[in-house]
Each structure stands twice: as C-alpha cells, then as structure tokens.
Amino acid sequence: MAGWAAGLTRPAPLLQLRWVFTLAVPRFGRSGKMAGGIEFGGSRGNILSRRIRADLALLFCSLVWGGTFIVVKDALADVSIFTYLAIRFALAAAVMAILFWRALRGLNRHTVWAGVQIGFFMFGGYAFQTTGLKFTTASKAAFITGSSVVRIVTSRSPALANSRIWSATQSAK
C-alpha cells in the first residue's frame, strides 16, 4: 500500500484559510514556523512568491481561456463551423509536427490508430461545443463548459468508484 492508505498523514495546508481571504502576509517566528505550527521548507518568502506566481498563472490561463470564447464567436460570423474546426486542427497539427518531428518517426500503426480514436471523440466534443457557441452567447457557452469540470468531479460514476484516479480526486476534497 502506498499513499494515504498506508497510514501516512495528510500534509497540513500551507496557508490558513483566513490568510487567503484577507490577503494578509503570515508572520513567522524564529523557528521558521507560522502561527499554528505549520513549517515551511526553504526560505520564508519563497513559498509566498511561488503562491503568488501560481495564482497569477492561473489568472492568466483563465483570461486566455475565457477570451477564446469571444474570439471563436467572432470567427464563426465569417466561416462555417466545420471550416473553422478544420483550419484550427490543421494549424495545431502543423505546429505540433514542427515541434515534435523526431517523435513522429517512431510512430507505428497501433499508435496512429489510437490517435485516430482519441481524435474522433475530441473532434466530436469540439464540434458540439462550437455548434452551441454559434447559437448562444460566449458567456453562456463558457459557463456551460466550465461547469462540466465541476460535474465530472462531483459525479459518482460506478466505473470510477474503485479506480485509483477516482480515489485520488476524492481524497483531494
């Protein structure tokens, strides 16, 4: 057994909840501990600067993700859904082929077939989402797409009930 099932204790949270909401800087004593006895590895300012950088990176990703709905909505005014998707996937494939050309030499028939199967379902998801975006507002489409993340985590699928992935997501709650 490994992980939490082997009797290991869950690590203490790095920042207490009140500091997250008030944006106050925690105070450290001489021992390098915060109030409440939580110890930090490394320098004192390092954990805060890493947390701020992580929060800023998350904010940047959210802005780009949300902005793409507006860009796609505007693009759909000029081209059809499947033309847009064909151009989008062709550009992505070209960029990936340029960046990872060495990995393409090692492909075999089994790997290509697995990629075709995954690509089929991925294309279906993009096609449905882009079709929905054509007929609704960008904010509604973004809300529906964002809420699917919550629906996946909170759903209780019998197929995932005994899997390691499901156990990991449930222990993170």
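A short reminder: the numbers here are calculations on the coordinates, not readings from a lab. Because the structure is a prediction, the values reported are computed rather than measured. Virtual Cβ from ideal backbone geometry, glycine too; neighbours counted across all protein chains shown.
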Computed log₁₀ I(q)/I(0) - Debye formula, equal Cα scatterers, no solvent, region 100-152, q 0.18, 0.24, 0.25 Å⁻¹:
-0.72, -0.90, -0.94
Once both labels are modelled 7 Å past Cα along the beta-carbon direction, what's the Trp101-Arg51 spacing in nm?
4.6 nm
Rounded, prolate or oblate: which fits region 76-135 when a ≥ b ≥ c are the square roots of the eigenvalues of the alpha-carbon gyration tensor, with rounded for a/c under 1.5 and prolate only if a/b beats b/c?
oblate
